[in-house]
Amino acid sequence: MDLAGLEDVDFQALGGADLVDVGDLTGTDLTSLQLDLEGAPGAGDGAKDRILVAGTDDEDRITVNGDPSEVKVSGLHTTVAIFQPEFANDRLDIDTRAGRDAVDASQLAPGSIPLFVDGVSVP
């Protein structure tokens, strides 16, 4: 996808199992990606959704915070906001790639979304 000149993307996954793969967007103009996993207004879709967010090969300082209505991944070139995640069905995977990286999930409320960093579950 050519992201030249595009700064914001709002994506509605709607119903069904979804895999959203957010690669390293360094070098693009995209600064904000909003993913809405809502099936019906105010509720999830009951399907297994997986969000993959890739870091860079450089040193990254990634922050994951939020609550059951919205989870945000920041610290990379593009901030990713996930709306209406379902703790029982969905998961967020962060691949830090190369470099000396740090992921801070201390402000991610329990019951928000299962978080995996480099394949390891983060309690």
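No value in this document is a laboratory result; all are computed from the given coordinates. Note that the structure is a prediction, hence the values are computed from the model and not measured. Glycine also receives a Cβ, built like all others from the backbone with ideal geometry; neighbour counts cover every protein chain displayed.
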**Q.** Residue satisfying all of: in the stretch 24-50; surrounded by 15 or more Cβ atoms within 10 Å (Cβ to Cβ) and either free of Cβ contacts under 8 Å to residues at least 24 places away in the same chain or under 13 Å from L76 (Cβ atoms) (or both); nearest to the chain's Cα centre (by Cα) among these
**A.** L33
Q: Evaluate the following for V103: is it in contact with a strand residue (DSSP E or B) (Cβ under 6 Å, 6 or more places away or on another chain), farther than 24 Å from D10 by Cα and surrounded by fewer than 16 Cβ atoms within 10 Å (Cβ to Cβ)?
A: no
Q | Residues being touching a residue at least 40 places away in the same chain (Cβ under 8 Å) and either crowded, with 17+ Cβ neighbours inside 10 Å or in contact with a strand residue (DSSP E or B) (Cβ under 9 Å, 6 or more places away or on another chain) (or both) - total across the stretch 57-98 | A | 29
